[in-house]
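**Student:** Take a look at this one; I'll ask things after.
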Amino acid sequence: MERDWTRLGAALKAAREARGLQQAAVAESIGVKRGTMRNIENGDISRVTPTVRAYARTVGWDDGSVDAVLAGGSPTDALTPHDPEARDAIAAENIAVAVAEELPLRIQAALREGPLIDTAVINLPSDDDGPEGQMVVIVKGRNGATPEQLKRALLRWEEAEVKLRRTDSTNTTDQD
């Protein structure tokens with residue numbers, strides 16, 4: 001069976017653009033140069049490499065999608081729409097890639113370090129009309145942490161999250 005490399009490249013590019021990801025940001029996140037990205041997107045490749053699979057994961061495809069597209073099929077999203085935790089984790093990774101150039105260098109470095117433990121979007125308290133804004137929290141574990149250490153970090157995060165989610169109404173006093 002003939003493999004359609006041009007079709008694969010076009011599908012990866014379309015998936016990247018649909019997620020609002022810049023070519024340079026994806027290249028950096030998977031550790032390749034933009035020229036490699038151009039070659040993949042133009043179909044100027046002749047085999048499935050770890051880089052191609054990393055690109056597919058970055059745009060949210062499951063592990064079998066590259067082979068499916070090469071054979072004339074369609075990619076499958078790695079996430080099920082009913083899995084909010086996994087969706088949040090991928091969203092956090094995509095945000096990190098998409099806005100990496102807009103974030104301070106120390107935040108960029110922190111996003112690359114350690115395993116992802118959890119993510120949250122927390123509304124900022126407001127007076128009347130709903131939240132004034134939101135904060136995005138990305139909780140990362142320490143590089144080389146054991147599963148037990150990651151579990152303890154998750155428990156500490158869950159305690160902190162409860163405090164962060166409290167509204168300002170719990171901190172106000174009654175006035176006569």
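**Student:** Report the residue count in the range 2-22 for those that are surrounded by 15 or more Cβ atoms within 10 Å (Cβ to Cβ) and of a type outside the set (D, E, K, R).
**Tutor:** Total satisfying the criteria: 9.
**Student:** Give the range 135-151 a look and list any residue that's surrounded by 12 or more Cβ atoms within 10 Å (Cβ to Cβ), of a type outside the set (Lys, Arg) and assigned to a loop (DSSP other than H, G, I, E, B), or say none.
**Tutor:** The answer is 141, 145.
**Student:** Ok, one more. What is the residue count in the range 66-90 for residues that are over 14 Å from residue 16 (Cβ atoms), in contact with a Ser or Thr (Cβ under 7 Å, 6 or more places away or on another chain) and either outside any helix (DSSP H, G or I) or at pLDDT below 80 (or both)?
**Tutor:** 3
**Student:** Find the residue count for the range 23-53, including only residues that are closer than 23 Å to residue 72 by Cα and either among the aromatic types (Phe, Trp, Tyr) or surrounded by fewer than 16 Cβ atoms within 10 Å (Cβ to Cβ) (or both).
**Tutor:** Adding up the residues that qualify gives 8.
**Student:** What is the one condition in (1) over 24 Å from residue 137 (Cβ atoms); (2) at pLDDT below 90; (3) in contact with a strand residue (DSSP E or B) (Cβ under 9 Å, 6 or more places away or on another chain) that residue 63 does not satisfy?
**Tutor:** (3)
**Student:** In addition: Any idea which residue in the range 1-33 is nearest to residue 57 (Cα to Cα), counting only those that are of a type in the set (Lys, Arg), in a helix (DSSP H, G or I) and within 20 Å of the chain's Cα centre (by Cα)? Steps first, please.
**Tutor:** Of the range 1-33, the ones of a type in the set (Lys, Arg) are 3, 7, 13, 16, 19, 33.
Those still in the list that are in a helix (DSSP H, G or I) too: 7, 13, 16.
Restricting the remaining residues to those that are within 20 Å of the chain's Cα centre (by Cα) gives 13, 16.
Numbers: 13: 13, 16: 11 Å.
That would be 16.
**Student:** A further question on this structure: What number of residues within the range 34-49 satisfy the criterion of being touching a residue at least 24 places away in the same chain (Cβ under 8 Å) and not in a helix (DSSP H, G or I)?
**Tutor:** Within the range 34-49, residues that are touching a residue at least 24 places away in the same chain (Cβ under 8 Å) and not in a helix (DSSP H, G or I) number 4.
**Student:** If you don't mind, there's one more thing I want to ask. Count, please, the residues in the range 54-73 that happen to be buried (at least 16 other Cβ atoms within 10 Å of the Cβ) and either touching a Gly at 6+ places or on another chain (Cβ under 7 Å) or touching a residue at least 24 places away in the same chain (Cβ under 8 Å) (or both). Walk me through it before giving the result.
**Tutor:** First, pick out the residues of the range 54-73 that are buried (at least 16 other Cβ atoms within 10 Å of the Cβ): 55-61, 65-66, 68-70.
Checking which are either touching a Gly at 6+ places or on another chain (Cβ under 7 Å) or touching a residue at least 24 places away in the same chain (Cβ under 8 Å) (or both) leaves us with 55-56, 58-61, 66, 69-70.
Qualifying residue count for the region: 9.
**Student:** Quick one: which of 162, 136 is among the hydrophobic types (A, V, I, L, M, F, W, C) and over 20 Å from residue 108 (Cα atoms)?
**Tutor:** Numbers: 136 fails: over 20 Å from residue 108 (Cα atoms).
Checking each option against the conditions leaves just 162.
The values are calculated or read from the model by the stated rules, or taken from the named source; none is laboratory data. Keep in mind that what you see is a predicted model, and the values were worked out from it rather than measured. In this analysis, Cβ positions are derived from the backbone assuming ideal geometry, glycine residues included, and neighbour counts consider all displayed protein chains.
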